[in-house]
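Report on one structure; see the data block that follows.
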Amino acid sequence: MATLNDVSQCVLDGELDEVKALVQQLIDAGIDPITIINDGLIAGMNIVAPLFKSGEMFVPEVMESADTMNEGMKLLKPLITDGDIPSKGKIIIGTVNGDLHDIGKNLLIMMMESRGYTVVDLGVDIKEEAFVAAVKEHKPDIVGMSSLLTTTMMKMDSTIKQLTKEGLRDQIKIIIGGAPITQEFAEDIGADGYSEDASTAVELCDRMMTA
Amino acid sequence: MATLNDVSQCVLDGELDEVKALVQQLIDAGIDPITIINDGLIAGMNIVAPLFKSGEMFVPEVMESADTMNEGMKLLKPLITDGDIPSKGKIIIGTVNGDLHDIGKNLLIMMMESRGYTVVDLGVDIKEEAFVAAVKEHKPDIVGMSSLLTTTMMKMDSTIKQLTKEGLRDQIKIIIGGAPITQEFAEDIGADGYSEDASTAVELCDRMMTA
Amino acid sequence: MVKKFNQLAYSNLDDFVYGSCPNPVTTKSGMVIGGGTVYPEINFTLPGMDINDTTIKKACTIYSNIIDGVLKRAAELYAPGVLVEFETVPDFTENPKYGIEVNRILLNSMKEASEKYGLKSAIRTTPNDLREFSRPPIMRHGKYWDTMLELFEQCAKDGSDFISIESTGGKEIHDGALVKADIRTAIFALGVLGVTDMEFLWKHLVGIAKANNCYPAGDSACGFANTAMVLAEKGFIPHVFAAVIRVAAVPRGLVAFEQGCVGPGKDCAYEGPYIKAITGLPIGMEGKSAAGAHLSPIGNIAAALADTWSNESIQQVKLLSEMAPVVAMEQLIYDCRLMNAATKKGQQVMFRDLLVDSDAALDVQAYVLRPDVVMRISAELVKTQDNFLRTKIAAKLTVQELKKAINEGIVKSDRRDMKWLDKMDKAIDSIPDDAGEFYEQMKSELDMTKFIPSEYGLK
Amino acid sequence: MVKKFNQLAYSNLDDFVYGSCPNPVTTKSGMVIGGGTVYPEINFTLPGMDINDTTIKKACTIYSNIIDGVLKRAAELYAPGVLVEFETVPDFTENPKYGIEVNRILLNSMKEASEKYGLKSAIRTTPNDLREFSRPPIMRHGKYWDTMLELFEQCAKDGSDFISIESTGGKEIHDGALVKADIRTAIFALGVLGVTDMEFLWKHLVGIAKANNCYPAGDSACGFANTAMVLAEKGFIPHVFAAVIRVAAVPRGLVAFEQGCVGPGKDCAYEGPYIKAITGLPIGMEGKSAAGAHLSPIGNIAAALADTWSNESIQQVKLLSEMAPVVAMEQLIYDCRLMNAATKKGQQVMFRDLLVDSDAALDVQAYVLRPDVVMRISAELVKTQDNFLRTKIAAKLTVQELKKAINEGIVKSDRRDMKWLDKMDKAIDSIPDDAGEFYEQMKSELDMTKFIPSEYGLK
Ligand code: B12
Ligand code: B12
Ligand code: SF4
Ligand code: SF4
Ligand SMILES: [Zn+2]
Ligand SMILES: [Zn+2]
Ligand SMILES: [Zn+2]
């Protein structure tokens, strides 16, 4: 019979076609859906993450793993109530106004989601007001901004100012990233965190959520 | 007979050995010492300055011109009262604490003096307190700070803060320079001016003194 | 009238070398690009700042300082001439008056430098492709299209020597294909969407250039192949995938020349050597000189066939010696001096081969830039005039070349590379030879929220 | 026991080339410097910041990020090995515990990189010469002397491969001579003060190195000749003056090797080629690679005889691609690859000559680095063992070489150059051959508030 380990391995290998059968077997065997999620699917992604970070897995492989996990999730979601789906926290992410670069942002989202965060993708070219509106609407724990251009990085500053003006600053953590961004710049504009890539960004969020 | 023009030319050519005789002739001819200074000696340096700026004169040549001017001055100074010696303003200059680079600073001083400023050279490795003390003592119009190291440039910031704390900031203009310094950095730390070389530094001071 | 390229511009590998080409182009100031001398091509950008009506004056001052600084240094180092590239960041295209003003500042300083130092220079004006600001992108009309053309036209009128663009048609589909390392979708994006958009876009740009005594220069698959390279350098996608994308981007790039571009090709178009082999026109290239803009595995080999040698882009920030663009200018000039010194001694082929030997065995992306590989694949590409089919063939041939090279042990490879090459090989074989048929197959797979078929003349 | 150099290390100009030398030196990790391969030598420094007990942690993190970043990139680009230089800014020497800590961080990361990537590396630790902090400088005792030696000793104990310094003995007099372009005083500073201090200083440093399984590497006339070069580049003093200072600095530099240094010579010691010709030991050099630290007219020719190739220094600031030190690492590696590719093909002499041809005719400072000029002048220098006299001869011969070259039109010159060469020629001729006699002559001219004769064993 399938084990939780088999499910993890299936996620690691990105075997999209096989995950459903395995998960179904476990469901049928009466294993708690939450256990299947945590110790099967998510456990698999927990192996993926460090392999990606150390360069042993490529992004397309990680994406296959994530897809595999999601495929398994589809079977499990109906079996649990919404509140039970484990989420580490809610994040909204967008690329700032005037900037269309989104490959990095999209990778980030993929990694965040596969590590258990609920992510709202605002897209690219996001104005200050739109960040504010999204915070009001989604009440996230963390707001992420991405900028790849030296001529748009200052929008991160104005967005933070706008969020402060609207009295929302204290309710959220703000993280930023993108090629021209540095730790120092993050400190200058009063962001809570910076990270240079998707893997460390997840770790950053983990630290923030437990702090 | 020697003309004021001859004196200017003599300064331009750096003819240290001949300037005294020429100036003496003009004195003997009853020309007003102040006129000899302004329209002879300083007029000469006024030709030197743009030639230096455009790269047509080397520093050693400028120094010879300046020496020549000073040699002429020696004859004229006793003939006028101290207050009459035309000075464009008083400047104190030093290299900040921890930094020993002084070639640039020394050039600056040479150029400033030869263009009619009174300069007090504080030397190198000058602590915040020493700048403060010097401002109290000399009551300059302008304070200049030089720094060539990225690890000492922040001393300019702390010196300005110290001057502000002592209530001296409003009485002076502050200019800064040196390899790692930029206009932006000057603005960041609240200096009044930045200049990238000795020639433009003089122009900067001229603008400040007439503003 | 569209040009046809049905044979190689070179018959002898020893003629295929940096600095010269069969069809050089002469700038207004008399620089002959491709006429024997490699010229530095300098690029620069603003430090971190906002652009708006209150800051634009400051931005202009910065551009003015940059250009004066780099031209002064070029004169001091006796550069035989300088190609300046003004590649706009979006604000300067969205507000054409900003872009026009900066372009004039640059032109003006170039004129001054000519008078003051006798320095020859020319300018390539490269507005960014504004059309992608609509999501999904509107490629053939609308305010972004109009604004962008306005900038092109006025800069051409004002005296720019060259116009270029790094156009993005098809990128909205290609981005996703890249991170998934999905070669089928990538070939669709490059060979169907990219090619079609290039035809449309460059017809217009060539028209503008011709009407204004200006040269249409060339395009770059930067948004496709350089993005792939950057992702590969980060270890995100396989190097072999990026190498295949590079060559698969050649037919797309060629379209600009079919439409009338005369070079120099865009600096960041590392597919340039293929373009040069096929068109005989000069190309811009960049390598170690551009490390401040992106790291790469092709630092030296990129110079092997360069007619201008570029730094890609660097912010106006202070280094210990001088502002970064001045530093870049100095480095470009020395690199060019060395290449030109070899040419003077008749040792250019030997020097080219050193540039090649430096990198070709160490990375598959370098390997596909080997002049002999370039000639071999290009010779196949000119056999068809169908740019979609060319794209498929380019990918297929590259996969084969790399398999062979890896098997023979003449290029370093990752243990996972063969698997990926096999995967790509199969996927490419599954692609039909007809673009229309391929589109029908792809329809079900494409994310239709991301692109508008009619913007590419598709239904 | 002081070594004597009374003949050249080379008899054939064709053996005198980058990457190899008669007396290579092997690092702890097995890199053979001067054994055929040119290695990159990477340098870096902090961005603008204050150093004190509260900020030192941040500074250490920055150094740690820098070293990890550059070694990672070196491994990715398959560098055959990396020489790391840790050249301290004053705070790290004044507070030896800071310098020791950073040196350990670097050593540690190098060890990790060896385990993780199999990357070979070695470190040169270069405390700054703290003695000039007393004005006038106290050269032979006192707190600055003690502190500085403490740093040297502990770093050597901790495992540094090499120790170096850019010592400043005589600089207090030389600075003024430079801006006045006064060759007599400059020769006094270099040939009397500099030489004497080098003997004293290096005897101690060689002792420390020997006692701690570490190599004494070499010194640099940076504060003399590079300052001259920077001033000349700014148009402040004549290029011919800077060229003469460069060669006049050779005998001073040689003293370190007489005392037991084994190389590689300091990267910024552009007098290195002369040292290599005379001692047969490997040298570090830097050129276009170091443009971020200082502009120069010797971007390529500086590499002609290099055994390590350095970037001199760059702050940890972000460029568009990566942090600046990583960018520098990439550029160094590509430069080295190219040189080493030529060596592999047996074309190193040809490549050396291209590096030379690139610059030698365009600036007198480049001209004096021509291997044949270096050999010719060096052959004269080894004829005497008196380092003061050597200094005078070096200046004299350089003036003659330059006059000849300018007259023959084989090097570009400024219309004012001949006048300055004549002036220098006369001034040099006025210098007696005996150091003591010269000192007596100079006494009246020297600014005695600036230096303390007894610190140089003078009365
Ligand atoms: C791909 C690319 C493009 C593609 C974008 C495709 C897309 N859909 O995103 C195209 C071709 C369209 C493009 C266009 C342009 N680009 Co562009 N582009 C790049 C390039 C080569 C790679 C970017 C990339 O995708 N990297 C890969 C991803 C995975 O990395 P990343 O984005 O850095 O993201 C990672 C981290 O930064 C971090 N991260 C990112 N965001 C966030 C957010 C948070 C919260 C956190 C914690 C972390 C984080 O995690 C990510 C994953 O690890 C860079 C070069 C470079 N060295 O970065 C230039 C670059 C950014 N582009 C540049 C320029 C100039 C442009 C254009 C203006 C060019 C032009 N003239 O047409 C246009 C502007 C378009 C616009 N309005 O935004 C310049 C910017 C120069 C400047 N002044 O700032 C760069 C630096 C290239 C260069 N060297 O000159 N570009
Ligand atoms: C000469 C020199 C030295 C000489 C100094 C001699 C002297 N008496 O000044 C010596 C050899 C002693 C030396 C020592 C060191 N130096 Co040093 N030095 C230089 C060098 C090569 C040239 C500086 C110079 O004189 N330039 C010529 C003058 C005319 O230009 P300037 O100083 O920039 O001044 C002009 C303008 O800036 C402006 N200006 C200057 N000051 C002011 C002030 C005002 C108010 C205004 C308006 C304008 C202005 O006007 C001047 C005239 O046009 C620079 C390299 C460089 N590119 O700058 C390195 C450099 C500054 N040194 C450097 C270093 C690291 C050091 C040492 C720490 C080296 C070591 N490890 O031993 C020590 C530190 C000593 C100390 N405590 O200060 C680094 C700094 C790196 C960093 N982290 O910041 C540099 C940048 C070299 C490099 N590329 O790495 N150095
Ligand atoms: S990555 Fe570089 S070359 Fe490419 S579009 Fe962006 S800026 Fe241009
Ligand atoms: S100029 Fe450069 S090499 Fe010379 S002492 Fe200063 S830092 Fe060292
Ligand atoms: Zn580009
Ligand atoms: Zn140095
Ligand atoms: Zn160094």
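Flag: A:Lys88 matches the condition of being in contact with a Gly (Cβ under 6 Å, 6 or more places away or on another chain), more than 14 Å from ligand 1 (Cβ to nearest atom) and not small (Gly, Ala, Ser). The residues of the stretch A:51-92 that are polar (S, T, N, Q) and over 22 Å from A:Gly30 (Cβ atoms), listed by number, are A:Ser54, A:Ser65, A:Thr68, A:Asn70, A:Ser87.
Selection of the stretch C:219-259 for residues being among the small types (Gly, Ala, Ser) and either within 15 Å of ligand 5 (Cβ to nearest atom) or within 16 Å of the chain's Cα centre (by Cα) (or both) yields C:Ser220, C:Ala221, C:Gly223, C:Ala225, C:Ala228, C:Ala242, C:Ala243, C:Ala248, C:Ala249, C:Gly253, C:Ala256.
Candidates are the residues of the stretch D:112-158 that are touching a strand residue (DSSP E or B) at 6+ places or on another chain (Cβ under 8 Å) and either on the phi > 0 side of the Ramachandran plot or at pLDDT below 95 (or both); the one that is farthest from ligand 4 (Cβ to nearest atom) is D:Arg135. Against the list (1) within 13 Å of ligand 4 (Cβ to nearest atom); (2) of a type outside the set (Asp, Glu); (3) within 14 Å of chain C (Cβ to nearest Cβ), the condition D:Tyr270 fails is (3). In the stretch D:295-328, what residues are in a helix (DSSP H, G or I) and either without any contact (Cβ under 8 Å) to a residue 40 or more places away in the chain or among the aliphatic types (A, V, I, L, M) (or both)? Correct list: D:Ile301, D:Ala302, D:Ala303, D:Ala324, D:Val326, D:Val327, D:Ala328. If I ask for residues that are assigned to a helix (DSSP H, G or I) and either under 22 Å from D:Tyr117 (Cα atoms) or within 11 Å of chain C (Cβ to nearest Cβ) (or both), which ones from the stretch A:46-65 would you list? Matches in the stretch A:46-65: A:Val48, A:Ala49, A:Pro50, A:Leu51, A:Phe52, A:Lys53, A:Val59, A:Pro60, A:Glu61, A:Val62, A:Met63, A:Glu64.
Filtering the stretch C:270-301 to residues that are of a type in the set (Lys, Arg) and under 15 Å from the mean Cα position of the chain (by Cα) leaves only C:Lys276. Looking across the stretch C:54-106, just one residue is more than 16 Å from ligand 2 (Cβ to nearest atom), touching a residue at least 40 places away in the same chain (Cβ under 8 Å) and of a type in the set (Lys, Arg), and that is C:Arg104. Quick check on the stretch D:152-171. Is at least one of its residues within 14 Å of another protein chain (Cβ to nearest Cβ), part of a helix (DSSP H, G or I) and buried (at least 24 other Cβ atoms within 10 Å of the Cβ)? Scanning the stretch D:152-171 turns up at least one residue that is within 14 Å of another protein chain (Cβ to nearest Cβ), part of a helix (DSSP H, G or I) and buried (at least 24 other Cβ atoms within 10 Å of the Cβ). Could we say that C:Tyr334 is more than 7 Å from every other protein chain (Cβ to nearest Cβ) and aromatic (Phe, Trp, Tyr) here? The answer is no for C:Tyr334.
Of all residues assigned to the stretch D:118-128, at least one qualifies as being within 16 Å of ligand 6 (Cβ to nearest atom), part of a strand (DSSP E or B) and either free of Cβ contacts under 8 Å to residues at least 24 places away in the same chain or of a type outside the set (Val, Ile, Thr) (or both). Could you list, in sequence order, the residues of the stretch D:118-162 that are more than 12 Å from ligand 2 (Cβ to nearest atom), over 30 Å from D:Asp447 (Cα atoms) and among the β-branched types (Val, Ile, Thr)? Within the stretch D:118-162, just D:Ile123 meets the criteria. All of (1) over 21 Å from D:Asp267 (Cα atoms); (2) outside any helix (DSSP H, G or I) hold for D:Ala395 with one exception: (2).
For the stretch D:225-255, the candidate set comprises residues that are within 12 Å of chain B (Cβ to nearest Cβ) and without any contact (Cβ under 8 Å) to a residue 60 or more places away in the chain; within that set, the residue that is surrounded by the fewest Cβ atoms within 10 Å (Cβ to Cβ) is D:Lys234. Report yes if some residue within the stretch D:42-53 is charged (D, E, K, R), out of contact with any His (no Cβ under 6 Å at 6 or more places or on another chain) and touching a residue at least 12 places away in the same chain (Cβ under 8 Å); otherwise report no. Within the stretch D:42-53, none of the residues are charged (D, E, K, R), out of contact with any His (no Cβ under 6 Å at 6 or more places or on another chain) and touching a residue at least 12 places away in the same chain (Cβ under 8 Å). Taking D:Asn311 as the residue in question, decide whether it is within 16 Å of ligand 7 (Cβ to nearest atom) and within 19 Å of the chain's Cα centre (by Cα). So D:Asn311 passes the test.
Residues in the stretch D:273-294 that are closer than 21 Å to C:Arg337 by Cβ and either more than 14 Å from every other protein chain (Cβ to nearest Cβ) or part of a strand (DSSP E or B) (or both): D:Pro273, D:Met285, D:Glu286.
The values are calculated or read from the model by the stated rules, or taken from the named source; none is laboratory data. Remember, predicted model here, so these are calculated numbers, not experimental data. Every residue, glycine as well, gets a Cβ built from its backbone with ideal geometry; the counts of neighbours run over all protein chains shown.
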